[in-house]
1. Given the -39500 (n - 2.57) contribution per DSSP H run of 4+ residues, what per-residue ellipticity at 222 nm results for the chain, rounded to the nearest 500 deg cm²/dmol?
2. So how tilted is helix 174-185 from the main axis of the chain? Cα-based, degrees 0 to 90, rounded to 10.
3. Out of residues 5 or more away from ARG152 or on other chains, whose amide H comes under 5 Å of its own, with H placed 1.01 Å from N in the peptide plane?
4. Give me Rg over Rh for region 362-407, both radii from the alpha carbons and Rh done the Kirkwood way, two decimal places.
5. Going toward the positive end of the dipole of the chain, with +1 on Lys and Arg Cβ and -1 on Asp and Glu Cβ, which of VAL135, TRP336, GLY153 do you reach last?
6. Need one value: the accessible area of VAL279 in square angstrom, 1.4 angstrom probe, rounded to the nearest 10.
7. With a/c under 1.5 counting as rounded, go ahead and sort region 4-76 into rounded, prolate or oblate using the C-alpha gyration tensor (a ≥ b ≥ c being the square roots of the eigenvalues; past the cut-off, prolate if a/b is larger than b/c, else oblate).
8. For region 414-466, which whole-number percentage of the solvent-accessible area (1.4 Å probe, protein heavy atoms only) is attributable to carbon and sulfur atoms?
Amino acid sequence: MMIRKLLNSTELCVDEALCGLVRSASGLCLLRGLRVVVRSDLKNLNGRVGLVSGGGSGHEPAHAGYIGAGMLSAAVAGGVFASPPPASILAAVLHLHDAGASGVLLIVKNYTGDRLNFGLAAEQARNRGVSVAMVIVADDCAFERPGKAGRRGLCGTVFVHKLAGALAEEGYPLDKIVAKVTEVLKGIGTLGVSLSPCSVPGCLPSFQLPPGDMELGLGIHGEPGIQRSKVACADQVVNTMIDHMTNPSKSPVYLYVCRYVVVLCVNNLGALSCLEMAVVTRAALSTLEARGVVVARVMSGSFMTSLEMAGVSLSLMRVDPEVLRLFDAKTSAPAWPNLSSVSTSSLWVCLFCSPGPLSPVMRSALQRISSALLDRQEELNALDRASGDGDCGNTHAQAARAIQEWLCIHVVPGCPGQLLSVLAGLVQEKMGGSSGGIYSLFLTAAAGHLTEGLSHAGAWANAVHAGIQAMMRYGGAEPGDRTMVKVKAAPSGGEMAVLQAAVKAAELGAESTRDLRARAGRASYIAAERVTLPDPGAVAVAAILRAVLESLEEQS
């Protein structure tokens, strides 16, 4: 059965679509008589490298939607799912050369037709004296044993458009751009899943998929995938996809991402609803973070479609600070999303940090703190049952386990302030309750007072003071209110002497809370005569300080 499409004719649909794009997006124009879209401000290209990509139509907004300052200079369209002819590709290259481009980079997806036609155009351009290079994108993570044709080029191509475009905009020469994107390509992978086939205008569906089935690892032209199974829930499907992409036992073309910072692209293959896309995006973020992967940026939407296919692909790109800077660079391309430059994970910053002399010291202290809180979980719960809901030990245990898990897969940064920022994010996300908010406030405020070269006793005292002030300012508690806020040690004597005094004061303060009337927190709603045990939060703080002291004493 033919699928109905809102077109005028199958023969003219590509040309009419290109016309609609150019007329609706300022800054683009068509070369007369050709399916070639170029930047209308090519005078700004003078002396820079021009970028050309393209392929079959039906993948909109790829590729013409990525033309603009900071991305492509031109895109060449073929018929629906058909590679563009060499003559059109050559015309695009020569047009950029005549406009003053210092060289032209062809960004090509790894399909036989595209390689042949773009390769032929490149040879013809070289014969005319044009400096041309070609980069092949092969990011498909589906097949366990890719055939002679190799891995297919999928949505990871959009990452290459962005990075190469940013480098070209900054004036990098052709060879430097090729070297950089070739290196980045080693860390890009894509896998798709479909709940329905698609159909080229005027043709039957590309494949048959029984109701209730889904296809894993299919190509963007409707080529069959590697596995057909029953449709599962979004979380299960996403977990299967990421497992296949990143697990070396599942595929020799897996993408190693553990302990890396990545950019995630959740790409609508054509017909998923916005609701489904948001659910899949949440699932992808949660699955990656649970595996120790830090997602620095996330793209979610339609970037390289397959006509009306109801499906989604996930693309991952490993990044370092330089690649992320290029990814964040501005572009005028109409289809590029307006992304935030803020990480989606509060934990990502530590992946770009280097260890230092204090790293083993702070790691040991964190391990001792975690063990102490886990050992006293039931004691803290019992104290909390007298004045609260009895979960103080549980919430502190959650924080302890989160820290232990984090230590297993991360390097502790050498800068104490960076570590406190990481811990603030951890307790905010994993601890929960008012305690999580209070600790996160304290750590966030304290972090700004500790830099790599400033970690002496006075700096730590200032950091602790700033953290306590933040807790009091936003939480409303003060010393004497029978809450976590109790003491502030003055920095006199050596570091260890100061810490020993702080520990002693914290333990005495925690014990003294049994005689205080609660004026803040949940215990303030309970009759004073029923609150006769020490405040559990204060006991936990004293235990944390004691653990730090014991750890430092052991190491000294």
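The values are calculated or read from the model by the stated rules, or taken from the named source; none is laboratory data. In this text the structure is predicted, and so the values were computed from the model without any measurement. No Cβ is skipped: glycine too gets one built from the backbone with ideal geometry, and neighbour counts run over all protein chains shown. We work out accessible area using only protein heavy atoms, side chains counted, and drop any ligands, DNA or RNA first. Shrake-Rupley method; radii C 1.70, N 1.55, O 1.52, S 1.80 Å.
1. Counting only the DSSP helices, I get -14000 deg cm²/dmol.
2. 60
3. ASP140
4. Dividing the radius of gyration by the Kirkwood radius yields 1.06.
5. Final value for the positive-end residue is VAL135.
6. Counting only protein heavy atoms, the figure is 60 Å².
7. prolate
8. For region 414-466, the apolar C and S fraction of the accessible surface comes to 60 percent.
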